[in-house]
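Each value in this text was obtained by applying a stated rule to the coordinates, not by laboratory testing. Owing to the predicted nature of the structure, the values given are computational and were not obtained by experimental measurement. Cβ placement follows ideal geometry from the backbone for every residue including glycine, while neighbour counts extend to all protein chains displayed.
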Amino acid sequence: TQLLEQSPQFLSIQEGENLTVYCNSSSVFSSLQWYRQEPGEGPVLLVTVVTGGEVKKLKRLTFQFGDARKDSSLHITAAQPGDTGLYLCAGGRNYGQNFVFGPGTRLSVLP
Amino acid sequence: GAVVSQHPSWVICKSGTSVKIECRSLDFQATTMFWYRQFPKQSLMLMATSNEGSKATYEQGVEKDKFLINHASLTLSTLTVTSAHPEDSSFYICSAQTTRLGEAFFGQGTRLTVV
C-alpha cells in the first residue's frame with residue numbers, strides 16, 4: 001500500500017516555466033521532507049517541514065506543509081535545467097521508524 | 001546538513017561471490033540506519049532497518065540470509081550481499097537518521113553489477 005502519492009509522476013517543461021509538485025497522504029506525519037535525486041547519486045535533502053501550514057523557501061523553491069500534516073507541495077519558480085531530477089517526498093514518523101517515501105516526480109527542464 | 005558516506009560507489013563482481021557495502025555517518029551518531037534498493041527510474045524500496053547493537057528488521061520479501069546487515073557502531077552499518085547473482089544488480093542506498101527532527105541523510109549510493 002502506497003501511503004504517499006505524488007503527482008505528477010513525470011513532468012517535462014521549458015526553462016523559465018513554473019511548476020508545482022504535490023505529495024498527498026491519508027496519514028498524518030510528524031514531519032515531511034523533500035529530496036532531489038540525480039542519476040547515479042543518493043537523494044539530497046532539500047527541506048524538512050514539521051508544522052502544519054508551514055511554508056519554507058529555498059531560493060526559487062517554495063515548500064508548504066498542509067494544515068493537517070497530511071500533504072505537501074513543492075513549487076518551483078522559473079525552472080532551470082539544473083532543476084532536472086527525481087523529486088521525492090518522505091513522511092517522517094517517530095525517530096527510529098522508517099520514512100515513507102512517495103513514488104517520486106521525475107522533472108525534466110529543457111533549455 | 002549531516003554527511004553520510006557510502007563505499008564503494010560502484011562494484012562489479014562475479015556471480016556467486018559476496019560484496020560488502022559500508023555506510024558511515026561522518027559527523028553524527030546514528031542509532032538507526034536504513035538500506036534501500038532502487039531500480040532504474042523508480043523510487044526507493046526499503047530493504048531493512050538497521051539498529052545499532054541489535055538485529056536488523058527486514059521488509060517482507062527481503063531475504064535476511066542473503067542481505068546481511070551489521071550495525072556494530074553508532075557510525076557504521078554494513079550490507080553484505082552474499083552469493084550474488086545477476087538479478088541482485090541494482091543501486092543500493094543507505095540513510096542515517098539524526099535525532100534532530102528525525103531527518104534522514106543519504107549516502108551517495110552503490111551501483112552493484114553482478115556478472
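Under Stokes-Einstein, with the Kirkwood radius over Cα pairs standing in for Rh, what whole-number D in µm²/s applies to chain B at 37 °C and 0.692 mPa s? It would help to have the intermediate numbers written out before the result.
On the way: Rh = 14.0 Å.
D, rounded to a whole number, is 234 µm²/s.
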Below 21 Å, Cα to Cα, which lysines can B:Lys66 reach? Residues fewer than 8 away in the same chain don't count. B:Lys14, B:Lys20, B:Lys55
Taking the protein assembly as shown on its own, what percent of its Cα-Cα pair distances exceed 29 Å? 27
Considering only A:Gly85, A:Gly40, A:Gly66, give the residue with the highest GNM mean-square fluctuation for chain A, with springs between Cα atoms whenever their separation is below 10 Å. A:Gly40
Report, as an integer, the average count of C-beta atoms from other chains found within 10 Å of each Cβ along A:38-48. 6
With Rh as the Kirkwood radius over Cα pairs, the stretch A:57-111 has Rg/Rh of 1.03
Which of the trypsin sites (Lys or Arg not before Pro) found in the stretch A:1-61 are loop residues per DSSP with 14 or fewer other Cβ atoms within 10 Å of their Cβ? A:Lys59, A:Arg60
Hits among aspartates and glutamates - C-alpha to C-alpha of B:Lys41 under 14 Å, sequence gap 8 or more where chains match: A:Glu38, A:Glu41
Write out the cysteines belonging to chain B for which the nearest other cysteine Cβ is not under 4.7 Å, or none if no such cysteine exists. B:Cys13
Return the lysines within reach of A:Lys56: Cα separation strictly under 22 angstrom, same-chain partners fewer than 8 residues apart disregarded; answer none if there are no such residues. A:Lys70
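Just check the stretch A:15-66 against the gyration tensor rule for me: Cα atoms, a ≥ b ≥ c as the square roots of the eigenvalues, rounded for a/c under 1.5, and otherwise prolate or oblate depending on whether a/b exceeds b/c.
Values: a/c = 1.81, a/b = 1.30, b/c = 1.39.
Taking the square roots of the gyration eigenvalues as a ≥ b ≥ c, the stretch A:15-66 is oblate.
Just tell me the longest site-free run in chain A, where the sites are GluC sites (Glu not before Pro) in a DSSP loop having at most 13 other beta-carbon atoms within 10 Å. Please list the in-between numbers first.
Working: sites that count: A:Glu15, A:Glu17.
The segment A:18-111 is the longest one with no such site.
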For chain A, what class follows from the C-alpha gyration tensor (a ≥ b ≥ c being the square roots of its eigenvalues): rounded when a/c is under 1.5, otherwise prolate if a/b is larger than b/c, else oblate? prolate
Please give the peptides B:58-67, B:30-39 ranked by average Cβ packing (other Cβ atoms within 10 Å per residue), highest first, as a rough proxy for protection. B:30-39, B:58-67
Going by Cα centres, the stretch B:5-33 and the stretch A:1-58 are how many Å apart? 27
Under 10 Å, Cα contacts only: if you run a Gaussian network model on chain A, which one of A:Val49, A:Val100, A:Val21 comes out with the highest mean-square fluctuation? A:Val100
